[in-house]
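To keep things clear, I will list the structure first and then write my remarks on it.
The values are calculated or read from the model by the stated rules, or taken from the named source; none is laboratory data. Computed from a prediction, not measured in an experiment: that's the story for all the values here. Virtual Cβ from ideal backbone geometry, glycine too; neighbours counted across all protein chains shown.
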Amino acid sequence: MAQPEAHNFRLLAHDTLGNAGNVGEGVSLQVRPDGRRILWMAHECAPKNFTGVDVTDPTKPRMILQTELPHRNVRSNSLEVCGDIMAVAYQTGTHGATPAGIELFDISTPEQPRSISFFDCSGPRSRGVHQLWFVDGKTIHCSSGAADFMPRNLRDDQCYRAIDVTDPIKPRELGRWWYPGTEERDAAPPVPRHPKFDTGWRAHNTNVYPERPDRAYVGYIDGGACVLDISDIGAPKLVGHWNPHPPFPGFTHTVMPLFDRDLLVVSDECVRTEGADWPKLVWLLDARREDNLISIATLPLPPMEDYAIGGRYGAHNLHENRPGPSYHSDTLVFGTYFGGGLRVHDITDPLQPKEVASYIPPAPEGSPMKAAMINDVYVDENRLVYAVDRFAGGLYVLALTL
């Protein structure tokens with residue numbers, strides 16, 4: 001089990017969120033016209049839904065709101081804020097359960113979120129929405145099931161969907177895409193299953209950036225990294241695909257483009273404890289040719305033997321350079337590694353990436369894990385870093401001292 005460490009990071013504040021410190025992978029920052037800064041966080045599992053924390057003074061975070069889920073068979077693992085609208089994803093623990101979909105909230109008064117609408121994604125083979133991406137105020141891109149989506153294998157139960165929220169009262173689907181062979185009615189043959197780690201061919205992160213509004217960058221779990229042409233949003237097309245699984249153990253999570261450098265940063269999520277699915281890596285891909293993506297490096301990590309005792313250890317979330325009050329860099333990659341904490345890599349030379357900063361807090365009280373499990377990270381435009389724990393630790397506010 002790794003010891004606490006702080007290299008080129010300084011801890012400014014720590015908040016356990018009222019002893020409900022199990023934060024998922026939905027962390028988003030709202031900047032109000034009066035200058036107040038509200039950090040919104042989705043919880044990894046019930047009973048809490050989402051929490052709002054005033055971080056105007058980053059040394060004194062103050063929780064202003066925490067909400068409850070309707071029952072324990074649903075989670076709100078993902079959320080995004082765009083202006084005064086927040087989109088929250090709801091995923092159920094079993095197929096066919098509810099609520100499963102996306103709820104839109106008016107957060108113009110942060111202390112009193114007001115529900116605007118709910119987009120239902122429930123169905124007999126659906127668990128709803130795992131992740132969503134909402135950065136332009138118009139379209140939500142998400143990994144979701146649907147009432148009329150019929151996966152051949154229930155592990156493949158979430159496809160890429162685009163939802164029009166121009167009128168937030170009446171969200172409507174614009175288009176969807178799934179990997180050919182995963183839907184019951186496909187003419188394509190079934191996709192191959194991973195021989196050891198079969199975690200499904202389904203969408204995870206669904207990133208679409210203003211610099212390239214005609215492209216969706218989709219992590220497709222065991223299906224690897226997918227680049228979609230969404231210029232015709234009603235009929236997305238696969239234009240780039242890279243998949244190292246097998247021989248590697250699967251679960252592609254995030255595909256983040258660095259447009260000025262023709263690179264993709266791709267993370268594979270660790271989903272098993274004690275190093276059982278090691279290695280789970282962050283890859284750098286040469287993306288000069290979308291139709292011929294080439295791996296050129298992986299981000300270096302400390303040895304598994306030193307960090308995998310007491311929980312998960314391996315890649316997970318990245319700070320994704322999203323629009324808004326967010327730090328953008330094409331040379332520094334911020335990533336979370338569960339028991340490996342928060343780590344920052346300099347990829348100025350993409351063939352020789354170097355670790356330049358790291359942070360691991362002490363094991364939080366009340367956690368079922370023996371170590372902190374750092375789950376997600378958000379970096380604001382001032383390079384203040386917000387890292388969260390998956391089980392009990394809540395929020396860590398950090399200053400990068402590089």
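Could you look through region 137-150, keep only residues that are surrounded by fewer than 16 Cβ atoms within 10 Å (Cβ to Cβ) and not hydrophobic (A, V, I, L, M, F, W, C), and pick out the one that is farthest from I233 (Cα to Cα)? I'd like the intermediate steps shown before the answer.
Here is the first cut: in region 137-150, the ones surrounded by fewer than 16 Cβ atoms within 10 Å (Cβ to Cβ) are 137-138, 147-148.
Now narrow it down to the ones that are not hydrophobic (A, V, I, L, M, F, W, C): 137-138, 148.
Working: G137: 16, K138: 13, D148: 19 Å.
Residue satisfying both the conditions and the ranking: D148.
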**Request:** Please go through region 207-239 and pick out each residue that is part of a loop (DSSP other than H, G, I, E, B) and either of a type in the set (S, T, Y) or more than 19 Å from N321 (Cα to Cα) (or both).
**Result:** Y209, Y220, D222, G223, G224, I230, S231, D232, I233, G234, A235, P236
**Complete:** Wholly inside region 1-96, strands (runs of 3 or more DSSP E) that include 3 or more residues that are within 20 Å of P361 (Cβ to Cβ) and of a type outside the set (K, R) are 5-7, 9-15, 23-31, 37-43
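Take the conditions touching a helix residue (DSSP H, G or I) at 6+ places or on another chain (Cβ under 7 Å) and at pLDDT 95 or above and apply them to R125. Does it pass?
Here the answer is yes, as R125 does meet what is asked.
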**Asked** If you check every pair at least six apart or on different chains, which have Cβ atoms under 9 Å apart with a residue in region 334-347 that is without any contact (Cβ under 8 Å) to a residue 60 or more places away in the chain first and a residue that is of a type in the set (F, W, Y) second?
**Response** F334/Y327; F334/Y378; R343/F334; R343/Y337; R343/Y359
**Prompt:** Can Y327 be described as in a loop (DSSP other than H, G, I, E, B), touching an Asp or Glu at 6+ places or on another chain (Cβ under 9 Å), in contact (Cβ under 8 Å) with a residue 40 or more places away in the chain and not small (G, A, S)?
**Reply:** yes
**Message:** Show the residue pairs meeting these rules: Cβ distance below 9 Å; 6+ apart or different chains; first residue within region 199-220 and under 19 Å from L174 (Cβ atoms); second residue of a type in the set (G, A, S) and in a loop (DSSP other than H, G, I, E, B).
**Reply:** A203/G223; P213/S231; D214/S231; R215/S231; V218/A203
**Prompt:** What number of residues within region 158-204 are more than 20 Å from the chain's Cα centre (by Cα), of a type in the set (K, R) and not in a loop (DSSP other than H, G, I, E, B)?
**Reply:** 1
**Asked** Could you say whether any residue in region 151-160 is crowded, with 18+ Cβ neighbours inside 10 Å and closer than 25 Å to D54 by Cβ?
**Response** no
**Complete:** Restricted to region 10-44 and to residues being of a type in the set (D, E, K, R) and surrounded by fewer than 24 Cβ atoms within 10 Å (Cβ to Cβ), the residue farthest from the chain's Cα centre (by Cα) is D34
